[in-house]
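Please read the structure below before turning to the comments.
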Amino acid sequence: MTQSNIKMSDNHLLNLYERMLLIRRIEERLKADAAAGNLPGGVHLYIGQEAVAVGVCSELRQTDWITSTHRGHGHFIAKGGEPKALMAEVWGKRTGICKGMGGSMHVADFSKGILGANGIVGAGFAIATGAAYSAKLSGQDNVALAFFGDGASNQGVFMETLNISSLWKLPMIFVCEHNGFSEFSPAATVTSGEIADRARAFKIPTEVIDGNDVLSVARAARAAIERARAGAGPSFIEAKTYRIQGHFEAEDLFLAGAKYRELEEVDAWRGRDPIERFARHLRENALAEGGELTAADKRVQGIVEDAVRFAETSEPADTELVFDLMFDGQKA
C-alpha cells in the first residue's frame with residue numbers, strides 16, 4: 001500500500017482516521033435502520049468513499065464552501081456537521097439540521113460552509129461556482145468546492161461551470177468521486193472517454209488520484225486550495241473510488257432480481273477499504289498504536305449511539321413549516 005507523503009502531526013493523522021470511521025459507523029447504522037424499516041425515507045450511503053470527503057475537507061477552512069450530492073452524509077460529517085443534527089434530519093425530526101424538512105438528500109449547514117446536499121444530479125456545480133464568484137467579487141480568500149459523481153459529469157451544467165470558472169479564474173475546485181456507477185449503470189456504459197480530459201480542455205489544472213488513499217486526497221486538495229486562494233483559478237480532482245453499497249438501500253426490491261454488478265467485484269473493492277488501509281499505514285509506520293485505534297472506534301460508537309438516541313427521542317418535524325419554507329407564510 002502506498003500512502004502519499006504529506007506532513008501532518010500524529011494527532012492530525014489519527015483525527016483523519018477517526019473522522020472516516022465516524023462516517024462509516026453512521027452509515028452502517030443507517031443501513032441497519034433502513035433494513036429494519038425504521039427510517040421515513042430511503043438513504044444513499046457513502047460506505048467505501050470516506051477517504052475522499054475526509055481528505056478534502058481536512059484541508060478546508062470552516063469559512064470555505066462545499067456543495068454535495070444525494071450521497072452527502074459523508075461530506076456533511078467531514079466538513080464538521082453535527083452527527084445528532086444529521087441523524088435527526090434523516091429521521092424527519094424537528095431537531096434536524098433542516099428541521100426535518102430536508103431529509104437525507106438535503107442536509108445543509110451554512111454556518112459550516114455546507115451549502116447543501118442535493119437530490120438533483122449535478123445541481124451543486126452552479127451553486128458552488130456562484131459561491132466562488134461571490135468570493136472573487138468580495139475580495140475574500142475563501143474557496144468553493146463541488147463534490148460530484150461520475151454520472152454528474154455528463155450534465156451540461158458541468159461544462160458551463162468549467163468554462164466560466166476557468167475564464168474568470170474563480171477560486172473553484174471540482175472533485176469528481178468516480179465510484180464506477182451512474183445509479184444502476186456501470187460508468188463505461190454511459191460515459192465516453194476520460195472525465196478528467198473534460199477539465200483539461202478548459203486548461204484547468206487536473207489530477208487523477210487514488211480516492212481510497214486519504215493522504216493522496218489531502219495532498220491533491222491542499223495543492224488545489226492553495227492555488228485557488230492565490231488567485232490562480234480553478235482545479236479539477238478526479239478521485240477513483242468505489243460505491244460498496246447499492247445506489248440506495250432496498251434497491252434489490254426495486255430491481256426485482258436484476259443486477260448490474262457482480263459480488264466478486266464488490267468484494268475485490270472491499271479489499272481496498274480506505275479505512276482499513278489507513279489503519280494499516282498508521283500501525284506499520286508507528287504513527288498510531290492498536291490501542292489508539294480501538295479507543296477511536298469506541299469514541300465513535302458512543303457518538304453514533306448518542307446521535308441515534310437524540311433522533312429517536314426528538315419531536316417529529318412540524319408540517320406547518322411548509323407555509324414558511326415553501327410559501328409566503330400566509331395560510332389559506
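Result for the chain in a Gaussian network model with C-alpha springs under 10 Å: among 256, 196, 35, the largest mean-square fluctuation is at 256. Result for the chain in a Gaussian network model with C-alpha springs under 10 Å: among 148, 158, 184, the largest mean-square fluctuation is at 184. Accessible surface of the range 126-175, 1.4 Å probe: 57 percent of it comes from carbon and sulfur atoms.
For the chain, the per residue solvent-accessible surface stands at 44 Å², with DNA, RNA and ligands left out and a 1.4 Å probe.
Of the residues 311, 36, 220, which exhibits the maximal mean-square fluctuation in a Gaussian network model of the chain defined by a 10 Å Cα contact cut-off? Result: 36 has the largest fluctuation of those listed. Counting only protein heavy atoms and a probe of 1.4 Å, the accessible surface of the range 193-332 is 53% carbon and sulfur. Looking at the chain only, what percent of DSSP beta bridges run antiparallel? Nearest 5 please. Beta bridges within the chain, antiparallel portion: roughly 15 percent.
Only helices enter this figure: runs of n ≥ 4 DSSP H residues, each worth -39500 (n - 2.57), summed and divided by the residues of the chain, yield -14000 deg cm²/dmol at 222 nm to the nearest 500. A simple charge model with +1 on the Cβ of Lys and Arg, -1 on the Cβ of Asp and Glu and nothing else charged puts the dipole of the range 155-291 at about 740 debye relative to its Cα centre.
Computed from the Kirkwood radius of its Cα pairs, the Stokes-Einstein diffusion coefficient for the chain at 25 °C and 0.890 mPa s stands at 121 µm²/s. In a reduced charge model with +1 at each Lys and Arg Cβ and -1 at each Asp and Glu Cβ, the range 1-149 shows a dipole moment near 260 debye about its Cα centre.
My understanding is that a pair violates if its Cα-Cα distance is over 21 Å; which of 7/84; 79/99; 84/298 do that in this structure? Distance filter (> 21 Å) returns 7/84. Dividing the Cα radius of gyration of the range 18-130 by its Kirkwood radius returns 0.94 for Rg/Rh.
Across all Cα pairs in the range 174-261, the calculated P(r) in 5 Å bins from zero up to the longest distance comes to 3, 12, 20, 19, 16, 12, 9, 6, 3, 1, 0 percent per bin.
Straight-line cross-link partners of residue 136 among the lysines, defined as a Cα under 21 Å from its Cα and at least 8 positions apart when in the same chain: 112, 169, 203.
Of the GluC sites (Glu not before Pro) found in the range 175-261, those in coil by DSSP whose Cβ has at most 15 other Cβ atoms within 10 Å are 183, 194. Largest accessible area first, the residues 112, 169 order themselves as 169, 112 under a 1.4 Å probe with ligands, DNA and RNA left out. Here the simple spin-label model places points 7 Å from the Cα toward Cβ, and for residue 305 and residue 7 these points are separated by 4.1 nm.
Binning all Cα-Cα separations of the range 99-155 at 5 Å, short to long from zero, yields these whole-percent fractions: 4, 18, 24, 24, 16, 11, 4, 0. Is the range 191-332 rounded, prolate or oblate when judged by the Cα gyration tensor, a ≥ b ≥ c being the square roots of its eigenvalues, rounded requiring a/c under 1.5 and prolate requiring a/b larger than b/c? Since a/c stays below 1.5, the shape of the range 191-332 is classed as rounded.
The values are calculated or read from the model by the stated rules, or taken from the named source; none is laboratory data. These figures come from a predicted structure and were not determined experimentally. We place every Cβ from the backbone using ideal geometry, glycine too, and count neighbours over all the protein chains shown. Just so you know, the surface numbers come from the protein's heavy atoms only, side chains and all, with ligands and any DNA or RNA stripped out. Shrake-Rupley method; radii C 1.70, N 1.55, O 1.52, S 1.80 Å.
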